[in-house]
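One structure is given here, and the rest of the page talks about it.
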Ligand code: GTP
Ligand code: SPV
Ligand code: MN
């Protein structure tokens, strides 16, 4: 294109953006125009989050073959998407924190200098939306106007991302209007990296082999290229609400965490409590947030299943919100017997990704029902029978569903300024060593517990499933700055909160016996552990001091009605000093990579733990 016509094309794009604009904020207009001039879309849509818009986009996608409409009687308003087989999970090795100083990203993140990364990215984004529609998606994380709430915009060329964003966030005009000139908001840009040249036919799931998930914490920007899946493409989620928000929180005195949030009510006293819990990806947050207690006397209500923002309130207590408006939950293993609340929640208005399609136009995945269908179309679109010898649904297949469909939704989800936290849990998948539950000896010891969590890897990210790795605070892939500084921030917050700070516990539902089976029944029976935790918070139970923390004393854990649990209790709570001392040596190595950034309080905790184990 000659330079005169290139100029004309740019002017046309700029006009296209401004003519359709639903804001007059010059900062937004300028940014959107710049991105459009760079990416060169064929059309521009300012999203309003309405039902009409949803209907229009879903129809277009069904027409184009990138969504399958499910049976309206069985799953009204619901759709199935099948991704490209190479685009099925987060890509941690393509995820970058682009802070000015490498030390601010720390040894657990991939780092690149912002200017260098921009220089690498801009040629890729140049023309990347050609032949496609550019959607501008304004969204609020938290209730618009709330004390903990933050606003953002995602520009994307993926209609699939738009639909998911409508479920996952409070998307639309109110969010856009909340972004006033000079206010703080997060700019996110997403392209699947698959421009269409004139006349070129589209594919069902466009993406690019080359992927970049990049974060610029100093300028509150995210640029994501090449993937359409989950946390890679729904930029409100891991990119904004965890990586960027963790940096904002550090400088503004709050915390962005990979935590579920639940309300627990003692039905005898009527007193309610709030608990948050950080477990790594695909390690039971959704299940715990929707728990159906198997013991009487407790009611659980759901506030969030993946992300919590925590901020001290005017009363000095730590207050929490779920900044999201939907669930992007793991399908496999979710069924009537394990999580009936999730099954009820996804009655309709749900997007399923990479699950199997049944002959009557509904969905299925491993663990949904005990009975296995005789015939399916699997997640790859191929014929499937039980004899096929392969999984019908991808292990990281997901359902996206509005939180307001949850039968156990707590009113607290609407709470503008958050709920006060009583207890914080840290957990992981640990076949050995870690007992069912232990309370930390102090906030500082609790931070040490969180900092040293290990967990077996799951299918939520590319990598080797089952491999044990450190996943401090379940934030290893999500902390937007140096992990050692993050621990320091947690220690500071504890000092600020003082006596009113939530109590900290470590839990492990995944310990296995010699025969390789889980020792603890888990799921609804985890209510027994919550019962003990709250009674510790209330000071009703003494507990039993051990080297690693306070465990339930004899008879404190309510086990009535669990069959044959007595023979497993010793194994479930065993603390083997030798193995723990060996883990202490590994913790030394783990801490060493952070050099002198490691808070001295954590070094002291490690040496105290060794002393207690050796006593
Ligand atoms: P992300 O959305 O990836 O952050 O994950 P999540 O932590 O919300 O994961 P989710 O709750 O969906 O859990 C995924 C897997 O954990 C499912 O396969 C469950 O069956 C399994 N799981 C959840 N709770 C328990 C439990 O108490 N015991 C056992 N053994 N497995 C559990
Ligand atoms: C996780 O991996 O922790 C998730 C799913 O919650 S994703 O949004 O894809 O990151
Ligand atoms: Mn998660």
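The values are calculated or read from the model by the stated rules, or taken from the named source; none is laboratory data. Keep in mind the model is a prediction, meaning the values are calculated, not measured. Heads up, the Cβs are rebuilt from the backbone with ideal geometry, glycines too, and the neighbour counts pull from every protein chain shown.
Condition check: within 16 Å of ligand 2 (Cβ to nearest atom), in contact with a strand residue (DSSP E or B) (Cβ under 6 Å, 6 or more places away or on another chain) and touching a residue at least 40 places away in the same chain (Cβ under 8 Å). Does residue 351 satisfy that?
Here the answer is yes, as residue 351 does meet what is asked.
Determine whether the stretch 325-336 contains at least one residue that is within 16 Å of ligand 1 (Cβ to nearest atom), at pLDDT below 95 and over 12 Å from the mean Cα position of the chain (by Cα).
Scanning the stretch 325-336 turns up at least one residue that is within 16 Å of ligand 1 (Cβ to nearest atom), at pLDDT below 95 and over 12 Å from the mean Cα position of the chain (by Cα).
Residues of the stretch 363-396 being closer than 15 Å to residue 82 by Cα and under 26 Å from the mean Cα position of the chain (by Cα), which ones?
Passing the criteria: 363, 364, 365, 378, 379, 380, 391, 392, 393, 394, 395, 396.
Which of the following residues is part of a helix (DSSP H, G or I) and surrounded by 19 or more Cβ atoms within 10 Å (Cβ to Cβ): 498, 488, 480?
The conditions single out 488.
Given the options 224, 251, name the one that is over 26 Å from residue 428 (Cα atoms) and in a strand (DSSP E or B).
From the options 224, 251, the qualifying one is 224.
Any idea which of (1) modelled with pLDDT under 95; (2) within 16 Å of ligand 3 (Cβ to nearest atom); (3) in the same structural domain as residue 401 (by TED's automatic domain parsing) is the one residue 339 doesn't satisfy?
Answer for residue 339: the failing condition is (1).
What are the residue pairs meeting all of these: first residue in the stretch 24-37, first residue assigned by TED's automatic domain parsing to the domain that holds residue 157, second residue crowded, with 18+ Cβ neighbours inside 10 Å and part of a helix (DSSP H, G or I), Cβ atoms under 7 Å, and 6 or more apart or on different chains?
32/17; 33/17; 36/13; 36/17; 37/13
Starting from residues that are over 32 Å from the mean Cα position of the chain (by Cα) and assigned to a loop (DSSP other than H, G, I, E, B), keep the ones in the stretch 510-545 and report whichever is surrounded by the most Cβ atoms within 10 Å (Cβ to Cβ).
Top of the filtered list is 541.
For the stretch 546-577, which residues satisfy the criterion of being outside any loop (DSSP other than H, G, I, E, B) and touching a helix residue (DSSP H, G or I) at 6+ places or on another chain (Cβ under 9 Å)?
Scanning the stretch 546-577 gives 546, 549, 550, 551, 577.
Which number in (1) assigned to a loop (DSSP other than H, G, I, E, B); (2) within 16 Å of ligand 1 (Cβ to nearest atom) marks the one condition that residue 241 misses?
Failed condition: (1).
To keep it simple, each residue is scored yes or no on (1) surrounded by 13 or more Cβ atoms within 10 Å (Cβ to Cβ); (2) touching a strand residue (DSSP E or B) at 6+ places or on another chain (Cβ under 9 Å); (3) outside the structural domain of residue 183 (by TED's automatic domain parsing).
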{"position": "19", "(1), (2), (3)": "no, yes, no"}
{"position": "51", "(1), (2), (3)": "no, no, no"}
{"position": "71", "(1), (2), (3)": "yes, yes, yes"}
{"position": "82", "(1), (2), (3)": "yes, yes, yes"}
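What are the pairs with Cβ atoms under 6 angstrom where one residue, in the stretch 266-288, is without any contact (Cβ under 8 Å) to a residue 60 or more places away in the chain and assigned by TED's automatic domain parsing to the domain that holds residue 306 and the other, located anywhere, is more than 10 Å from ligand 3 (Cβ to nearest atom) and in a strand (DSSP E or B)? Sequence gap at least six, or different chains.
Hits for this filter: 267/299; 272/263; 272/265.
Given the criteria touching a helix residue (DSSP H, G or I) at 6+ places or on another chain (Cβ under 6 Å), modelled with pLDDT of 95 or more and away from ligand 3 (no atom under 16 Å from the Cβ), does residue 350 qualify?
Considered against the rule, which asks whether it is touching a helix residue (DSSP H, G or I) at 6+ places or on another chain (Cβ under 6 Å), modelled with pLDDT of 95 or more and away from ligand 3 (no atom under 16 Å from the Cβ), residue 350 comes out as no.
Return yes when residue 298 is out of contact with any helix residue (DSSP H, G or I) (no Cβ under 8 Å at 6 or more places or on another chain) and either surrounded by 17 or more Cβ atoms within 10 Å (Cβ to Cβ) or closer than 26 Å to residue 90 by Cα (or both) and no when it is not.
no
Hey, can you tell me all the residues within the stretch 275-316 that are within 16 Å of ligand 3 (Cβ to nearest atom) and part of a loop (DSSP other than H, G, I, E, B)?
279, 280, 281, 282, 283, 284, 290, 305, 306, 307
So that you can scan it fast, the table gives a plain yes or no per residue for (1) within 20 Å of the chain's Cα centre (by Cα); (2) at pLDDT 95 or above; (3) away from ligand 3 (no atom under 16 Å from the Cβ); (4) under 30 Å from residue 564 (Cβ atoms):
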residue: 458; (1), (2), (3), (4): yes, no, no, yes
residue: 470; (1), (2), (3), (4): yes, yes, yes, no
residue: 498; (1), (2), (3), (4): no, yes, yes, no
residue: 502; (1), (2), (3), (4): no, yes, yes, no
residue: 505; (1), (2), (3), (4): no, yes, yes, yes
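Being away from ligand 2 (no atom under 16 Å from the Cβ) and in contact with a strand residue (DSSP E or B) (Cβ under 9 Å, 6 or more places away or on another chain) narrows it down to one residue among 256, 320; which is it?
320
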